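Please read the structure below before turning to the comments.
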Amino acid sequence: MPAISERAYLSAYPDIADAVAAGHLRCGYQHFLANGAAELRAASPRLDLKWYVANNAEVHADLAARRARDAFTHYLAIGLAAGLAGAPASNRATQEDTSVTLCRARASVPLSVLARRGLDFTCAGSPVLSVVMLLHDEFALALQSLAALRDRTPGDIELILIDPGSLEETRHIHRYVRGTKLIRFDLQVNPAAARNATFAAVTAPAVLLLGSDTEVAHGAVAAALERLGGDPRIGAVGGRLVGPNGQLRTAGGIVWRDGGLLDYMDDLPAMAPKANFVRVVDFCSSAFLLARTAILQELEGFAIRFTHPDYADADLCARIATAGYRVLYDPNVVIRQLGVAESEVHAADERDAFFRKHINQLRFRYLADPKVEVFARALDTDQQRVLVIEDLVPLRMIGSGFGRSNDLIHVLASMGLFVTVFPINRGNFDLAAVYPDMPDMVEVMHDRSLADLDALFQERQGYYDLIWVARTHNLDRILPRLKHVTTGTGRPLRVVLDTEAIAAQREAMHHRPSEQTEAFDLDAAILKEFANAHHCQNVTVVTEQDATTLRTLGFSDVKVVGHIRDLNLTPRPFAERSGLLFVGAIHEVDSPNYDSLVWFVDEVLPLIERELGWETRLSIVGYTGADVSLARFRHHPRITLRGAVPQAEPLYNTHRVFIAPTRYAAGSPKQKQERFSPDRTEFRQLVSFRAGRSCRWKIILGGEKNDSSRHGRPAPAMTRRVVLFGV
């Protein structure tokens, strides 16, 4: 770990951070060298100069005898070599040391098996990948790393091992690994020169630089190869580097304008939202770096001037970018680093050389400041940023308009926009369900809720170009907080209200006047619902009828963003199907879907049973909210509760009739196709939304197919008529 940590220094001394932010200082490093060292400040978690002098008697004696100019010089010239502690052991250091010990113990367990059976990297044909690994004296970790690589990467691998004068069993690794090319040096050599010696000899189109103490997770190599092969503009791919304690070591690197480096998200949880989306970055760690062979050969590999791992990696990635390629961070590429990330070379020794070499690139980077990390973490500076605010993380399985929101997010991401998804309410969904349903280039704030929105707006002032607010009631909840987004930025923020449905129309249909109740004032309810909509620059609706309603209120820029789907009829013949199928999410007991089920089961199902007898079987499928009970249906002899299912297509394929007994609703049912007419300022292409699959037959209860209740207006009195029509 470097003796000086820019992030830790500015965090420990807010006055210095403010001076850097105001431009009075170039960086915290400048202050430390000019003043901090003399003031015995803490330079990093592992170097507190005041503690260093007070707790090491020899330091005080050496300074008194003028063997070193100051405490910092003493630490660099004498203390490091003597093994003197620079600071009290932190909880992090203790935890990491314990984790490393456990990793080493774990690696030693299968040694006997690996020693007897060995690992086979013999290539029967052309290799799909060349792997270059620089060995160190950690034999058990190296063997475990190679075992994970072999077990989790199908196909032929050209393995090249570099042994720079190992002293323990590592020097005999060829006894345990067959089919490898081994390059051995009798003496310690420059790591960059050692790896460069292999690049001219590799035969695969891609080279993986892999640390000898790193363990690739399942699918990591395949994900990196797929990413590299999917876009010719990508020159190298790195991933989520996780330490032995389960915390991140880096989620891509940031290069500051003065040449300083930052491992983004260092020591933070590996599943943190900010670390779990794809982005173009300044550099990635060569503990796992997949690069195109042709590029490495053209650049002649690493620059031997840089021996500190971070600067060697940053320099290589900077030259890849200069050559016209991107360096991509992919969180799907997960790597565990089993050892301690240390370097005997001090980063400050190479910082100036790196700065001078890349000055023309660095002048466009951000000044070192924790407040701008969110801006500096990705290099696509011309990429528009969109914040999507929804009730929940919009997973397709929970229905109720969330499928449409999910489609919308996929479209925005496919257009090259950077999207952050922020839920107003925390969901009870496992992350295993969340991430597969979202594009991997989208930042999903799965651990946040409305209580965290102020903090996000404070942290990201001036960051977003557009805020997309899904559902009108959410606009009312966030409106007081929106001022934080533009405070001090001097530029307006565009807000789009995506109504999803006009709730007042649903309430009007639900409201059934009697002698004891007053008539529902629909116009007043709509005005109240959209009282704050004038704060938005655009409004979107699901149907043309909703657009007309809002235009009568004076909103001129209203766009229809509906559903588009392709019919893909399931193949089973009608005669081989049986039963009725209801598919719909029920978030609350007063929701239209719950009402429709109660009405259908109580009023309609007995009529069907009278005609069909035992053939009257109803399957109820869909997400159910935590506060919703379907107990009233559980013991019904004709009903099967299926709950949420991973795939609905098999059920559509086996059931004879699909029912949609909706009595009141708003928006547009998924079964109805709506033309999507995007505003060109929000979308640059016509897009196609794909919804679920359809049965061959569908029942509409309570009216004909084109009944006015489908368009959000009060429906006529319900009938017990069953209308079947082909779809």
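The values are calculated or read from the model by the stated rules, or taken from the named source; none is laboratory data. All of these numbers come straight from a predicted model, not from anything done at the bench. Note: ideal-geometry Cβ built from the backbone for every residue, glycine included; neighbour counts use all protein chains shown. Areas reflect the complete protein model, heavy atoms only, side chains present, ligands, DNA and RNA absent. Shrake-Rupley method; radii C 1.70, N 1.55, O 1.52, S 1.80 Å.
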**Study point:** Rg/Rh for the stretch 35-180, where both radii come from Cα atoms and Rh is the Kirkwood radius
**Key:** 1.19
Review point. Over the stretch 14-78, what percent of the accessible surface lies on carbon and sulfur atoms, probe 1.4 Å?
Key: 52 percent
Check your understanding: What does the highest-first list of 241-247, 639-645 look like by mean Cβ count within 10 Å?
Key -> 241-247, 639-645
**Study point:** Packing rank of 426-438, 648-660, where each peptide gets the mean count of other beta carbons within 10 Å, highest leading
**Key:** 648-660, 426-438
Revision key, fill the gap. Rounded to one decimal in Å, the inverse mean reciprocal Cα-Cα distance for the stretch 186-344, i.e. its Kirkwood radius, is 15.7 Å
Exercise for review: At a Cα cut-off below 19 Å, give the aspartates and glutamates reachable from residue 528, other chains included and same-chain residues fewer than 8 away excluded.
Suggested key: 476, 498, 500, 507, 518, 546
Exercise for review: Skip the ligands, DNA and RNA, and give the accessible area per residue of the stretch 170-233 with a 1.4 Å probe, whole Å².
Suggested key: 48 Å²
Review point. Accessible area of residue 50, 1.4 Å probe, to the nearest 10 Å²?
Key: 140 Å²
Review point. What distance in nm separates the simple spin-label points at residue 272 and residue 544, each placed 7 Å from Cα in the Cβ direction?
Key: 5.0 nm
Practice item. Quickly rank 6-19, 53-66, 139-152 as a protection proxy: mean count of other C-beta atoms within 10 Å, highest first. Key: 139-152, 6-19, 53-66
Practice item. Would you please give the FRET efficiency between residue 473 and residue 569, computed as 1/(1 + (r/R0)^6) with r the Cβ-Cβ distance and R0 = 30 Å, to the nearest 0.05? Key: 0.20
